[in-house]
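None of the figures in this text is laboratory data; all of them are computed from the coordinates on show. Source: prediction; values computed, not measured. Neighbour counts run over all protein chains shown; Cβ positions are idealised from the backbone, glycine included.
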Amino acid sequence: MADLIIFLVLLAMGYGFGRYAEAKHYKSIIQREAEFRDIPVVTSKFPPLTKPLSDVELVTGSVVISVDYFKRFIAGLRNLVGGRVTAYETLLDRARREAILRMQEEARAFGGYIIFNVKLETSSIHKGRKNSIGAVEVLAYGTVLIKQ
Amino acid sequence: MKYSNPEIPEGINTSVQHPLKEFFLLTGGILGLVLIVVVALTLLADRLAVYIPFELEVELATRVINEETADVESPPIENYLNKLADKIAVEQALPPEMQITVHYVDDELVNAFATLGGHLFMFRGLLEKLPHENAVAMVLAHEIAHIKHRHPIRSMGRGIIFGLAMGMVSSTLGNAMTDQVLANTGGLTVLKFNRDQESEADQTALDSLYQLYGHVDGADTLFEVLEQVSGDVSLQMPEFFSTHPLSENRVNNIHDFQTEHSTTTNRATAPLPDEYAAWLISVSEK
């Protein structure tokens, strides 16, 4: 019985803190995306030829976000029946957008005006007990063009 | 060519569904399904466990029990109980491979139980409170009836299947805490007899007492003793009562049996051996 209570408390805590953190994070993401809209992020392999001669730099943005207890539990149940793991969708969406934002922030520090050849990489770090995902890392990297 | 990142509407890469809705749907659905499957499996295990040969049960039991009682010389009380148990076993027409072994436990706990491989454990606390041989025989007959009806292996079958099913579910979940919760629940069910099994054992016990002594007088003494103990020190042995039918009902069953089989022959209760009290003196008190 005590175990069950601990479990429910953990679940409630995971849900409460997780929801709060997610809402706060999304608010910040949407606000900063508007802020950095003037630095386009494109996946084209080659630099835009029409642009004036530029310096180039490598820019990276990386973020690690942990799964909360509630999300992990739901995802575990989802494993049994299959279907969209909605609990992890928001997690990865946040991580990708945050990584791009950090890359843009770095580009701005260089005085860059466009980032091209952008790539995203995702990995789960700290595989917990029985391979349950503990946290995800998303790395965004690209080449920034800086006006000479 | 113009490069730009326009504002993209939210909710394309994520789902708008409220997480709590998903939580209740999933837990309700899956736990409900798991419950149904587990109940079905445990019932099946309960039925099928009877077909496990008794030899296998003995083998299972010796691994545990012989280790604990190997080099202890059996006290006279154990010999007496075993002789009585053999007589009852004959009356209950146990198959030849079902060998009953009674173990005496020098502990003040008022308890007695039957386990795998025909092993019975009788506690000093209970034996001290029994005034005549008929009451001792009632306890033995009840526990031997459990063995006869294969209750220990059936309970274990239920427990193991339950534990396995829970283990499979929780390993799929990959969650340490759920694992713990489920394992604990599984462990609880192992080696506990349900009320139907207790009633069945009572009935068989009464039949064998009737065959042995020609009457069942004195059988209810056991329940009087248990009732008294539960009133005195309820903390000492709650587990015996939680799974056993109410003592009052069991006494009523005995009285019904008495009226059905009323005989005019000698209905005196058989006395205990003279040395009985001396046998029961705890080793630590000697």
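A few points about this structure:
- Per-residue average of Cβ from other chains inside 10 Å of A:5-14: 2
- Projected-area average for segment B:30-148 over all orientations - Cα convex hull basis, square nanometres: 9.5 nm²
- Inter-centroid distance (Cα atoms) of segment B:198-221 relative to segment B:111-138, Å: 14 Å
- As a calculated quantity, the FRET efficiency between A:LEU120 and B:ARG47 at R0 = 45 Å, using C-beta atoms, amounts to about 0.20.
- Here the scattering of segment A:2-147 is modelled by Debye summation over its C-alpha atoms, one equal scatterer each and no solvent; at q = 0.16, 0.21 Å⁻¹ the log10 of I(q)/I(0) is -0.88, -1.23.
- Summarising the label geometry, the points placed 7 Å from Cα in the beta-carbon direction at A:LYS24 and A:GLU89 lie 2.5 nm from one another.
- Between B:ALA40 and B:ALA93, the simple spin-label model (points 7 angstrom out along Cα→Cβ) gives 3.7 nm.
- Note on A:LEU49/B:ILE12: beta-carbon distance plugged into 1/(1 + (r/R0)^6) with R0 of 35 Å gives a FRET efficiency of 0.65.
- Averaging Cα coordinates gives a centre for segment A:109-123 and one for segment A:24-101; these two points are 12 Å apart.
- Each residue, B:SER74 and A:ARG108, gets one label point 7 Å from its Cα in the Cβ direction; the gap between the two is 8.8 nm.
- Ranked A:MET103, B:MET98, criterion: other C-beta atoms within 10 Å, fewest first: B:MET98, A:MET103
- Residue-averaged beta-carbon neighbours from other chains (10 angstrom radius) around A:77-87: 5
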